[in-house]
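Comments concern the structure below.
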Amino acid sequence: MTEARANNIINVVNLHKSYTDAHPVLHSISFHLTEGECLGVVGESGCGKSTLARCLLTLTGWQSGEIYFDGLRLSGMGNRELREARSRMSAVFQNPASALNPRLPILDSLMEPLDERKGFVPSFLAGERPARRLEVAEALLATVGLSADALFKHPHELSGGEKQRIMIARAISTEPAFIVLDEPTASLDVTTQSVILNLLKDLQETLSLSYLFISHDLAAVHFMSDRIMVMRSGHILDEFSKSRIFDEQRHHYTKLLLEVFSG
Amino acid sequence: MRIITKHDLQAGRKLQRPASVAPILLAMSVLALIMAAPALAPYDPYNVAIGERLKAPGAGHWLGTDHLGRDLLSRIISGIRTTLGTSLLILACSMLIGVPLGLLSGYLGGLCDRVFKRAVDAFMTLPDYIFAIVLSGLLGPGLINLLSAVIAVKWVSYARLARSIVLLEKQKEYIALATLSGVSPHRIVIKHILPHTWGNVLVLAALDLGKIILMIASLSYIGLGPQPPAAEWGSMLNEGRLYYHTAPHLMLVPGLAIMLTVLLANIAGDRLRDKYDVRNKERA
């Protein structure tokens, strides 16, 4: 299932993770993600999708197996190396309300990653030549179609869609090589979902981003992903490219999901 | 496009939290009262005048005099500094010890947190008053020893509260994103978690103030607090006990001072709880 290619941004080999000994969450997971690719992950609640994402982002540890990020083994990294690796990853989570500190104005939340990398200006803003922190923040918001007024508001003053756009702007601000999109449209209405998905797709094409797109929504996964991975109870049941989604050889659970998707 | 300056942002922040001004004003008023107490007293609270002893409240001495002829009003005013000042100092020290320990334990987790939790549980099993009396007894009478004994009892609740807030907040995704952005753990605690503790800590402190005043007065009453001739409401109550039948005001005046202060502290605590307690907001 796993190919060891030179242009793999993520390579996962036999990953095993459990919170308690009795209940493993991930069983010998192996897959890869190539540069500029979007890998969709679908599966029922509790199947281990978000735990997998947290492992990839090194936000939680794992018992055995290896994760390679851009050819570097993540386990056993020192603090400085880990910090360096993390600075090239990013994430957009399901609930934007929980992803923004309610006590901080949007400006501070948005600029947090860039504040940690003093003086860094994303290359996609280079044409606009933003010099000051505020100008960079304004340009970032413009990238996701928001006005500068949002910078001085607190999260509770913004809609779910606006908050999620801010999270996307924050996620791309450091020009990461890899972004985890953990159900980024789950808490949004259908119209906003479509706007956000189109925005993510456009940004991926413009900035050559690699996505791990986690969702319950097969339609969204189908729209976003180049390849799709089906998970259940911590196992990868199926993995296929989008063009081969309706092949006869699919796992019966995948067929079940597709039946629901097709209505 | 409107040009937004740093000044706008600061002004916006102030407007977002006008409620934070009230507790600051209240705290400053109390501090001003404590500082100005000696200047407000009409007589020297330690000046003995045997000829004036046990005088009832009247024109010369509004609240009367004690068994050594000292002006009771002046001693009550002087006692504000001892009783209320000591209580606030105890609160501040308890917070300064408890909150960082709770934050650290909750954020680090693992063995450190388990040891801390067991230690805190052990402290919590001991009744406040008994523990404070035993400690004061072991350390001996005196203001500093009284202060240490009450702090040893009180820091635990602040540590528990701070720990519970950390456990709640560190599950949130903005903490994960801050970690991913390379924000160091100590800056995550200071920037993201600490601001969430202030409201709850303030409510607990305001509700605790009355209890601490009562505890200090009780320990002083049984002779474990500041020693004579210090003007402390609990010890004044004890001194007046011997003259209860002939000069009841010697007990009534410090007793009322304690009661009113505790009542005001509790009312202030309730108001703050209504304002900051998340559970109240959820019920509403």
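The values are calculated or read from the model by the stated rules, or taken from the named source; none is laboratory data. Note that the structure is predicted; figures quoted are calculated from it, not measured. Ideal geometry is used to build each Cβ from the backbone, glycine not excepted, and the neighbour counts take in all protein chains shown. Side chains are part of the model used for accessible areas, which takes the heavy atoms of the whole protein and leaves out ligands, DNA and RNA. Shrake-Rupley method; radii C 1.70, N 1.55, O 1.52, S 1.80 Å.
Here the calculated FRET efficiency for residue A:207 and residue A:118, from their Cβ-Cβ distance with R0 = 22 Å, stands at 0.50, rounded to the nearest 0.05. The lysines within cross-link reach of residue B:211, meaning a Cα-to-Cα straight distance under 21 Å and a gap of 8 or more places when in the same chain, are B:154, B:275. Once B binds A, the 1.4 Å probe can no longer reach about 2600 Å² of accessible area, counting both sides.
Averaged over the residues of A:224-237, the number of partner chain Cβ atoms lying within 10 Å of the residue Cβ comes to 0. So which lysines pass the test for residue A:242, namely a Cα distance under 21 Å, with those fewer than 8 places away in the same chain ruled out? Partners found: A:49, A:201, A:255. A probe of 1.4 angstrom, applied to the heavy atoms of all protein chains, finds residue B:198 with accessible area near 130 square angstrom.
The heavy atoms of residue B:68 offer some 50 square angstrom of accessible surface to a 1.4 angstrom probe.
Quick check for me: using +1 on Lys/Arg Cβ and -1 on Asp/Glu Cβ, what's the dipole size of chain A about its Cα centre, in debye to the nearest 20? Intermediate values should be presented prior to the final figure.
Numbers: 26 positive and 32 negative charges, 96 e Å.
So the magnitude is around 460 debye.
Each 10 Å bin from 0 upward holds the following percent of the Cα-Cα pairs of segment A:99-175: 21, 59, 19, 1. log₁₀ I(q)/I(0) of the protein assembly as shown at q = 0.05, 0.06, 0.13 Å⁻¹, via Debye over equal Cα point scatterers, no solvent, to two decimals? Rounded to two decimals, the profile gives -0.33, -0.45, -1.23. Residue by residue, segment B:122-137 carries 3J(HN,Hα) couplings of 4, 5, 5, 6, 8, x, 3, 5, 4, 4, 5, 5, 4, 5, 4, x Hz when phi is fed to the Karplus relation 6.51 cos²θ - 1.76 cosθ + 1.60 (θ = phi - 60°); x denotes Gly or Pro. A 1.4 Å probe run over the protein chains yields, for segment B:84-205, 44 Å² of accessible area per residue, whole-number rounding.
Peptides B:256-267, A:237-248: what's the order by average Cβ count within 10 Å, highest mean first? Write out the running numbers ahead of the final one.
Working: B:256-267: 16.4, A:237-248: 13.7.
The peptides rank, most packed first, as B:256-267, A:237-248.
As a fraction of the 1.4 Å probe accessible area of chain B, surface on carbon and sulfur atoms comes out at 69 percent.
Residue by residue along A:99-109, Cβ atoms of other protein chains within 10 Å of the local Cβ number 5 on average. Per-residue shielding of A:53-60, expressed as the average number of other chain Cβ atoms within 10 Å of the residue Cβ, stands at 2.
For the protein assembly as shown, a simple Cβ point-charge model (Lys and Arg +1, Asp and Glu -1, everything else neutral) yields a dipole of about 1200 debye relative to the Cα centre.
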